[in-house]
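S.K.: One structure follows; several queries about it will come next.
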Amino acid sequence: MSTSTGRGTVSGNEVLNQIDQVIRKEFDSNRRILSFDEYLVLFGENPAKQTRGSAKYLVDMMDHFGKSLVPQRGEGTATPSVKPGHTAAPHGIQRFKVFDFPIDGIAPKVVGQEWVQNQIYRALKAFARQGLNNKLILLHGPNGSAKSSLIHALMGGLERYCREPDGAVYVFNWIFPIERYIRGGMGIQGNYTATKDNLTTYSKLSEEEIAARIPCEMKDHPLLLVPKEQRRLFFEKLIGVDKTRELWESLPTYLKDGDPCHRCKQIFDALLGTNGGDFRKVLMHIQVERLYYARRYRKGLVTIEPQLHVDAQYQQLTMNRSIGSLPNSLQGLNLFSLSGDLVDGNRGITEYSDLLKRPVDSFKYLLSACETSSVNVGNSIAFLDTVMLGSTNEVQLDAFKEFPDFISFKARIQLIRVPYLLSVTEEQEVYSAQLSQMTGEKHTAPHVAWTVALWTVLTRLKKPNSINYPPNISTLISNLTPIEKARLYDTGDMPASLRPEERKLLRTSIKKLKEEYFNIPYYEGRIGASPREMKAVLFDAAQNHEFQCLSPLAVLRELEEFVKRVSEYDFLKQDIKDGYHDATEFISLVKNEYLNKIDKEVRDSIGLYDSAQWEDFLRKYIFQISLVLKKEKVKNPITGKMEDPDFALISEFEKIIEAPSETAEQEHFRQNIISQVGVWSLDHPNENVVYAKVFPDFWSRLEKHYFESQKELLTKMSAALLVYDENEAEASSEGGLLAQKTVGNMKNKLGYCQACAKEVITFLMRQRY
């Protein structure tokens, strides 16, 4: 077989040789197989790294991939003011980059949940400091809130980190050579009392030279082979008294007081006896091997599904062919094999998926396992070094809290809440990455993920309770509508009707607003639509043959059907309170917000005006009213004369935006505008004022006013749009040409196809024009 390349053909054998060289080089550079003496050299180079427990290893993994400061949604990116001589604390929350890697080949990352990430990190650091993983970290929250994704992201991080030089972690095997390596053969009672050619270790023997290899099924640390009575002295001799004292304080209990697993201890004692207590000769049989975590192969990473049996088993080795190759002194032993989830998950992560779906009696062993880092299996004790992570939903947790045993478990479980996302932008990201899987060859129109995300977040919000706020802000906050609260959480956008002083008050209360329901059982983000259900809605919308594309209109149609299934979903049964929990009305709200989005897009695509003219109009208006308020005149740049403000321009602008006409109200209105400009300038120092951002409502009214004046032309365009691609005469008309131009701009600049562009324009014209 040969392979064609740009430089000719290469035989399959040559390709295999090249791969072989790369693998060999990687094998040697990664120190995959070591003797015990070689491992001690590695240990001496960096004792702290080689004595990490599972919790410290996880902390180091999270640190290795890095973290970044992300702004809190809705709270902006400004640095808080500080007193002179003090350092400003960074404004935001840490996000760990390990959660940005793809998860299980399904989700591209964990979206949001930075607070949860930090809680997990703190818990792991606490375990590392005390040297004992004495609690099960239980992630609880509603179905579909990313509990399992968070755990699987950590598992994926371990799989990547263990391949890095800093992530090297080691286990050991027992190696027994073939007969020719033993003086006198197997007949001298099978004792390994001397070696051939001054061999000092069997760890590097080839497969042909090995009679039996027995791995440590617990994946125990090689240093556990040093008897625990001698372990501290061993460290002191190897790395010095001072380093040992410093290291011993952070050493995990597993390494301070642990023993090898029962089978390894039996082999160790038997070899020590047959070699007259020669510890060095026992270590000749030790092969230190680098461990590579793998969830797929259950190497240090295990997910335990709800089940009814104990998570570790103990069975005698009877049919293992290598047992017959062991020396006589070992063949007389009753060697037992440990197996099961806890065994497979040792030295890594053991995940208890939906833990509380199991009967309480089936996991009571966790009480002692967490407290002592050991578990009784058969007639032996297995010492554990695994981070136990679990997940459960709120209904099961509420039921568990009613059990008498909950008091006992409470001290051994660290609860970390994982709520639904309350940011539309973050929720949108959950769906955006998976849209292509849902649609297949069908085109996806813009704003599909945003549409479902906005409706989903609205179902999760709770009405603020005025009694939880000071009098000066209580009414303001209690009057927030669901859509206003959603905007506030997501981008920090204030309700357009608020005065500058009210905006300032509300801005300073956003954090309190988010934390209002934090410490109660029915917290905000516990109840609402699940991403799992919404993905099903998107799948159904993609299969709807009435729509040529997967579009927001198709999604809204499916949502109209979804909200009829009241008996299936608890969040649809909630009492409506001042617009909150009204899933059916939320569809209308989302439709209106969608109309606002496409209204702007279609206007820009039509291109009948330059948007800079509105910015200039606003700027001139604000300048003129500032003159009026200060009772000043302005110098004419041409004549040089001092002139009154341009009252004609002021009147035209205020008529368009429907400003109050009464003198007293008018003055207050104008003062409010000037104040808003001042507030924006304070919040954005060294930036030019962008009037479209400061006064989005004014901007929209100016645009709408212009389009109302062009209604006749828009009507012609809408009519031509239905037929222009089939009727050349109609396409060449004034409306047809405008339709062609508009659709072309939407396709080229905004990601629409011809079908969904026509759908959007037609829908907009029918609803608003």
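S.K.: Ser145's amide H: which non-local residues (gap 5+, or another chain) put their own amide H closer than 5 Å, with H modeled 1.01 Å from N in plane and none for Pro or chain starts?
M.R.: Under 5 Å from the amide H of Ser145 lies no amide H from a residue far enough along the sequence or on another chain.
S.K.: How much of the accessible area of the stretch 514-629, probe 1.4 Å, is carbon plus sulfur, in whole percent?
M.R.: Values: 2630 of 5530 Å².
Of all accessible area on the stretch 514-629, carbon and sulfur atoms account for 48 percent.
S.K.: For the stretch 242-259, what does the Karplus curve 6.51 cos²θ - 1.76 cosθ + 1.60, with θ = phi - 60°, yield as ³J(HN,Hα) per residue in whole Hz, taken in order and with x for Gly and Pro?
M.R.: 5, 5, 5, 4, 5, 5, 4, 5, 9, 5, x, 3, 4, 8, 6, 10, x, 10
S.K.: Under 5 Å between amide H atoms, partner at least 5 residues away or on a different chain: which partners does Ile210 have, H built in plane at 1.01 Å?
M.R.: Ile178
S.K.: Can you work out the accessible area per residue across the stretch 354-455, with the rest of the protein chains kept in place, probe 1.4 Å, in square angstrom?
M.R.: 40
S.K.: Taking the Cα centroid of the stretch 255-290 and of the stretch 609-662, what is the distance between the two, rounded to the nearest whole Å?
M.R.: Comparing the Cα centres of the stretch 255-290 and the stretch 609-662, I get a distance of 91 Å.
S.K.: Within the stretch 587-633, which chymotrypsin sites (Phe, Trp or Tyr not before Pro) sit in a loop by DSSP and count at most 14 neighbouring Cβ atoms inside 10 Å?
M.R.: Taking the stretch 587-633 and a limit of 14 other Cβ atoms within 10 Å, no loop chymotrypsin sites (Phe, Trp or Tyr not before Pro) are found.
S.K.: Here is a further query. Say R0 is 30 Å: what FRET efficiency, to the nearest 0.05, do Lys693 and Gln754 get from their beta-carbon distance?
M.R.: Taking R0 as 30 Å, the efficiency between Lys693 and Gln754 is 0.35.
S.K.: Want the number for Phe403 to Asp257: 0.36 nm per residue separation, take away the alpha-carbon distance, what's left?
M.R.: Extending this stretch completely gives an extra 49.1 nm.
S.K.: Sticking with this one: Could you please report the charge total around Asp644, scoring K, R as +1 and D, E as -1 over all other residues with beta-carbon less than 13 angstrom from its beta-carbon?
M.R.: +2
S.K.: What list of ³J(HN,Hα) couplings, whole Hz, do you get for the stretch 353-369 from phi and the Karplus terms 6.51, -1.76, 1.60, once you set θ to phi - 60° and write x for glycine and proline?
M.R.: Karplus values, whole Hz, x for Gly and Pro: 6, 6, 3, 7, 6, 8, x, 4, 4, 6, 10, 5, 4, 5, 4, 7, 4.
S.K.: Something else about it: Assigning unit charges at the beta carbon (Lys, Arg +1; Asp, Glu -1) and nothing else, what dipole magnitude in debye, to the nearest 20, does the stretch 213-282 show about its Cα centre?
M.R.: My answer is approximately 200 debye.
S.K.: Let me ask another. What's the local net charge at Gly66, with K and R +1, D and E -1, over the other residues with C-beta under 11 Å away?
M.R.: +1
S.K.: Here is a further query. Working out 0.36 nm times the residue gap between Glu665 and Tyr365, then minus their Cα-Cα distance, what length gain in nm do you get to one decimal?
M.R.: In short, 100.7 nm is gained.
S.K.: Which whole-percent values make up P(r) of the stretch 650-703 when all C-alpha to C-alpha distances are grouped in 10 Å steps starting at zero?
M.R.: Using 10 Å bins, I get a P(r) of 22, 49, 27, 3 for the stretch 650-703.
S.K.: What is the distance in Å between the Cα centroid of the stretch 501-525 and that of the stretch 199-220?
M.R.: Going from one Cα centre to the other spans 61 Å.
S.K.: Just need the relative contact order of the stretch 568-661 here, percent rounded to a whole number, with Cα pairs under 8 Å and 6+ apart.
M.R.: 14
S.K.: Continuing with this model, one more query. Taking amide H positions as placed in the peptide plane 1.01 Å from N, state which residues far from Leu136 in sequence (5 or more) or on other chains have amide H under 5 Å from it.
M.R.: Distant-sequence amide H within range of Leu136: Ile413, Gln414.
S.K.: Find the accessible area per residue for the stretch 604-689; the probe is 1.4 Å, ligands and nucleic acids are left out, and the unit is Å².
M.R.: That works out to 64 Å² for each residue.
S.K.: With Cβ to Cβ distances under 14 Å as the rule, what net charge do the other residues near Thr439 carry (K, R +1; D, E -1)? Present the calculation step by step, with values, prior to reporting the outcome.
M.R.: On the way: positive: Lys442, Lys535; negative: Glu441, Asp540, Glu558.
Around Thr439, the charge tally is -1.
S.K.: Dipole magnitude of the stretch 543-689 about its Cα centre, charges +1 at Lys/Arg Cβ and -1 at Asp/Glu Cβ only, in debye to the nearest 20?
M.R.: 480
S.K.: Using a 1.4 Å probe on the protein heavy atoms, what percent of the accessible area of the stretch 460-506 belongs to carbon and sulfur?
M.R.: Carbon and sulfur: 50 percent of the exposed surface of the stretch 460-506.
S.K.: On to the next question. Per-residue HN-Hα couplings for the stretch 209-226, Karplus 6.51 cos²θ - 1.76 cosθ + 1.60 at θ = phi - 60°, whole Hz, x for Gly and Pro?
M.R.: 9, 9, 7, 8, 10, 10, x, 7, 5, 7, 6, 5, 5, x, 5, 5, 6, 6
The values are calculated or read from the model by the stated rules, or taken from the named source; none is laboratory data. Since the structure is predicted, the reported quantities are computational estimates derived from the model, not experimental observations. FYI the Cβ positions are ideal-geometry reconstructions off the backbone, even for glycines, and counts take in every protein chain you see. Note: areas computed on protein heavy atoms with side chains; ligands, DNA, RNA excluded. Shrake-Rupley method; radii C 1.70, N 1.55, O 1.52, S 1.80 Å.
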